[in-house]
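Quick one: the structure is below, questions incoming.
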Amino acid sequence: MHARRVFGWLGIMSIGLVLVGTSLAFAQATRPQFKLKLVGINRTLDPYKLWEEWAQTVEKRSNSRVQVELTSLPELGFGGAETIRLIKNGVVDVAEIYGGYVAGELPLLEILEIPGIFPDPETAKKAIMAWKPTEAKLLEQKADAVLLAMSVYPDQAFFSKKPLRTLDDFKGIKTRVHSVALSQLVAALGGEPLTVAFAEVYTALERGTLEAGITGTKPGYGLRWYEVTKYLVGPIAMRPHVAFAVNRKVWKSLPDDIQAIMKEEAERIIEGPSFRLIEEWNKEGITKSVAKGMEHIPFSPQMQATIKEILRTKVVPDWVKRAGGEEAARLFNEIIAPLVGFTVNAS
């Protein structure tokens, strides 16, 4: 009996060891092999939901070999101009790079941020996709990053404390801008452009440091700018674009199958839907802000003509000089000019 009892306990212990070993093997198998840190512009913005969906899908399709930690520029204490350095230096592994924010460091990326340049959404989409291969090369060369997908934000509008109906109304208005091109537009209209981080605009408007702020119709609603402004003016027909990119060293460390999953899902979840959702976001931004008490003031034909003239005579020529002269002019004339109907020269 004693021998049987000993063998019985040995059997139970053997089974237990097998179960423990199996559990450890399972834990090791499900433990993430690759942990990636992704930074987006702001959690309150609609596109951020696409980043979250992408992260969840990549984790699922990779059988949890990849784990993505999401954060945002305000959480890291940045305004956006540092994004190129954040991804290049490996502070983050994946980043949402907005062309307007990084125009000081990489002005060629602002080619798609010129306010009022695209006459309609379809033209904007064609231009963005035609530019995509060039953007991929620039990010590889300047940011040491690999482009996974392109995405777009809503049309831009003035959220203003004062009504802006005529050119005279813009004179002296302290206005938040988020790109050099927008700064030039505001200055040419007679306003005073100021660069303020997106997350800080509400307080600046509330305190009177700003009298107006430019952002997308839906993002402005999302941050409740309707509480500190009265008039929604515009919108300016433009499609701010972002590049969804990964640090190249990190990219090379990933197996081929995970690279394929990340790129496929970026194009399926982010790039494809954003061009469709943008029209919904544009409308929602206006209708929901009006429902909160704002007055929508569309640009008059005279204001539209003024903006178009400023675009051709000031904003585009200055961008060409800032972005490299002959090379910038060549890229504009080859990729953008056939879609917008005018060319530029290096001088």
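The values are calculated or read from the model by the stated rules, or taken from the named source; none is laboratory data. Predicted model, so just to flag it, every value in this text is computed and none were measured. Counting neighbours? That spans all protein chains shown, and the Cβs are built from the backbone with ideal geometry, glycine included.
Kindly provide the set of residues from region 274-302 that are buried (at least 18 other Cβ atoms within 10 Å of the Cβ) and β-branched (Val, Ile, Thr), ordered by number.
Ile278, Ile286, Ile297
Oh, and also: Tell me which residues, restricted to region 185-214, are under 23 Å from His241 (Cβ atoms) and assigned to a loop (DSSP other than H, G, I, E, B).
Val196, Ala197
Also: Among the residues of region 215-246, how many are in a strand (DSSP E or B) and among the polar types (S, T, N, Q)?
The number of residues fulfilling the criteria is 1.
Is it fair to say Arg330 is surrounded by fewer than 19 Cβ atoms within 10 Å (Cβ to Cβ), assigned to a helix (DSSP H, G or I) and at pLDDT 90 or above?
yes
Within region 69-79, is there a residue that is surrounded by fewer than 16 Cβ atoms within 10 Å (Cβ to Cβ), modelled with pLDDT of 95 or more, among the acidic types (Asp, Glu) and not in a helix (DSSP H, G or I)?
Within region 69-79, one or more residues are surrounded by fewer than 16 Cβ atoms within 10 Å (Cβ to Cβ), modelled with pLDDT of 95 or more, among the acidic types (Asp, Glu) and not in a helix (DSSP H, G or I).
So Leu182 fits all but one of (1) over 24 Å from Pro47 (Cα atoms); (2) touching a strand residue (DSSP E or B) at 6+ places or on another chain (Cβ under 7 Å); (3) touching a residue at least 12 places away in the same chain (Cβ under 8 Å); (4) not in a loop (DSSP other than H, G, I, E, B); what number is the exception?
Here Leu182 meets the rest and fails (1).
Does region 289-304 contain any residue that is charged (D, E, K, R) and in a helix (DSSP H, G or I)? Reasoning before the result, please.
Restricting attention to region 289-304, the residues satisfying the condition of being charged (D, E, K, R) are 292, 295.
Of the ones still in play, those that are also in a helix (DSSP H, G or I) are none.
Scanning region 289-304 turns up no residue that is charged (D, E, K, R) and in a helix (DSSP H, G or I).
Further question on the same structure: Name the residues in region 105-162 that are buried (at least 19 other Cβ atoms within 10 Å of the Cβ) and part of a loop (DSSP other than H, G, I, E, B), would you?
Leu106, Glu113, Ile114, Pro115, Gly116, Ile117, Phe118, Ala143, Tyr153, Pro154, Asp155
Output the residues belonging to region 238-259 that are buried (at least 24 other Cβ atoms within 10 Å of the Cβ) and among the aromatic types (Phe, Trp, Tyr).
Phe244, the sole residue that qualifies.
For the list (1) small (Gly, Ala, Ser); (2) surrounded by fewer than 17 Cβ atoms within 10 Å (Cβ to Cβ); (3) farther than 30 Å from Pro255 by Cβ, I need the number of the one condition that Gly90 fails.
(3)
Consider Leu167 against the criteria (1) under 23 Å from Ser274 (Cβ atoms); (2) surrounded by fewer than 24 Cβ atoms within 10 Å (Cβ to Cβ); (3) of a type in the set (A, V, I, L, M): it satisfies all of them except one. Which criterion is unmet?
Among (1) under 23 Å from Ser274 (Cβ atoms); (2) surrounded by fewer than 24 Cβ atoms within 10 Å (Cβ to Cβ); (3) of a type in the set (A, V, I, L, M), Leu167 violates only (1).
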